[in-house]
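J.: Pasting in a structure now, in structure tokens, and then I'll have a few things to ask.
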Amino acid sequence: MAYIGQKPTDKPLSASDLEDGLITNSKLAQDIISAETELATAPADTDEFLISDAGVLKRLDASLIGGGSHVLLSTTTVSSGVAQVDITSNIDSTYNNYLLSITNMHIASSSNFRVRFFNGTGGSQAIDTSSVYKYSGIGFRNDRSSEISTGGTNTFADITIAQNIGSGNEDGLCANYYLCNPSSTTFNTLFKGDFVMQDGSDNVAHGIVGMVYLDTTAVTGVRFFMESGNIDSGIFKLYGIV
């Protein structure tokens, strides 16, 4: 409405003119940062941070923030007996190297832990059981009654990556195995890792193993299995290494 008489002099609004909480979220534009919703998971690449660039506020995509060097791609949890654990997805050219981490693996009967590779993709993906694996390994038991030493000049249809794991209720194995450049069709894929375990006599054993896959076909999966008996439990995680 129009003023009656003389218009008052304009006066700038100051902080003292506004009470705390006077302006509610319903009065604000929808694109303002309200902090009403908690982000309970890792931010997606399209999420944004606010940063000050020489005093100017700017939005920054989360994808531009340096993260960890390991990206979790899959988790396989075994809670009842299985003959093997197959990891047949997410091993491709996205990463040059992959980590296969095994936690608290327990087995049905004392035996050797072994590995084979898959090649091909989709309906043509198949396990390679031919004699194209060559490896070496060494390890030690705490009682030093039997040192672990394997390998030689032969090629095998699979490789042993931990020997004589115990099957007692408290026995188990934890290990980290690395798959190096599995998508290469120029160089052979390399596999290396280390493990710690208990044997059937309550000895602790620690060892390292290295293997070459004597085929330039791209590796697209890994099978873990026992020489005899089942894997009863364990957590198997696949990470891509940035």
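J.: Of all residues in region 84-120, count the ones that are closer than 19 Å to Asn188 by Cα, of a type outside the set (A, V, I, L, M) and part of a strand (DSSP E or B).
T.: 6
J.: Select, from Ile235, Ile208, the only residue that is out of contact with any Cys (no Cβ under 8 Å at 6 or more places or on another chain), within 25 Å of Val71 (Cα to Cα) and modelled with pLDDT under 95. Quick ask: steps written out before the conclusion?
T.: Working: Ile235 fails: modelled with pLDDT under 95.
Only one candidate qualifies: Ile208.
J.: In region 221-242, which residues are within 12 Å of Ala108 (Cβ to Cβ) and β-branched (Val, Ile, Thr)?
T.: If the condition is that a residue be within 12 Å of Ala108 (Cβ to Cβ) and β-branched (Val, Ile, Thr), then Ile231 is the only one that fits.
J.: Now for a different question. Would it be correct to say that Asn169 is in a strand (DSSP E or B) and either surrounded by fewer than 18 Cβ atoms within 10 Å (Cβ to Cβ) or more than 26 Å from the chain's Cα centre (by Cα) (or both)? Walk me through how you get there before you give the answer.
T.: Details: in a strand (DSSP E or B): no; either surrounded by fewer than 18 Cβ atoms within 10 Å (Cβ to Cβ) or more than 26 Å from the chain's Cα centre (by Cα) (or both): yes.
No, not satisfied.
J.: So, in region 75-110, exactly how many residues are under 17 Å from Gln125 (Cβ atoms) and either surrounded by 14 or more Cβ atoms within 10 Å (Cβ to Cβ) or not small (Gly, Ala, Ser) (or both)? Walk me through it before giving the result.
T.: First, pick out the residues of region 75-110 that are under 17 Å from Gln125 (Cβ atoms): 76, 84-94, 98.
Right, trim to either surrounded by 14 or more Cβ atoms within 10 Å (Cβ to Cβ) or not small (Gly, Ala, Ser) (or both) and you get 76, 84-88, 90-92, 94, 98.
Adding up the residues that qualify gives 11.
One line per residue, one yes/no per condition, for (1) modelled with pLDDT of 70 or more; (2) in the same structural domain as Gly172 (by TED's automatic domain parsing):
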residue: Ile4; (1), (2): yes, no
residue: Pro12; (1), (2): yes, no
residue: Gly21; (1), (2): no, no
residue: Leu28; (1), (2): no, no
residue: Thr46; (1), (2): yes, no
residue: Gly55; (1), (2): yes, no
residue: Asp61; (1), (2): yes, no
residue: Gly81; (1), (2): yes, yes
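J.: Please find, among Thr217, Thr160, the residue that is in contact (Cβ under 8 Å) with a residue 60 or more places away in the chain, polar (S, T, N, Q) and part of a strand (DSSP E or B).
T.: Of Thr217, Thr160, the one residue that is in contact (Cβ under 8 Å) with a residue 60 or more places away in the chain, polar (S, T, N, Q) and part of a strand (DSSP E or B) is Thr160.
Conditions tested, residue by residue: (1) free of Cβ contacts under 8 Å to residues at least 40 places away in the same chain; (2) touching a helix residue (DSSP H, G or I) at 6+ places or on another chain (Cβ under 6 Å); (3) not acidic (Asp, Glu).
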| position | (1), (2), (3) |
| --- | --- |
| Asp86 | no, no, no |
| Ser93 | no, no, yes |
| Asn97 | no, no, yes |
| Ser101 | no, no, yes |
| His106 | no, no, yes |
| Ser110 | no, no, yes |
| Val115 | no, no, yes |
| Gly123 | yes, no, yes |
| Asp128 | no, no, no |
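The values are calculated or read from the model by the stated rules, or taken from the named source; none is laboratory data. Predicted model only: the values in this text are computed from it and were never measured. Ideal geometry is used to build each Cβ from the backbone, glycine not excepted, and the neighbour counts take in all protein chains shown.
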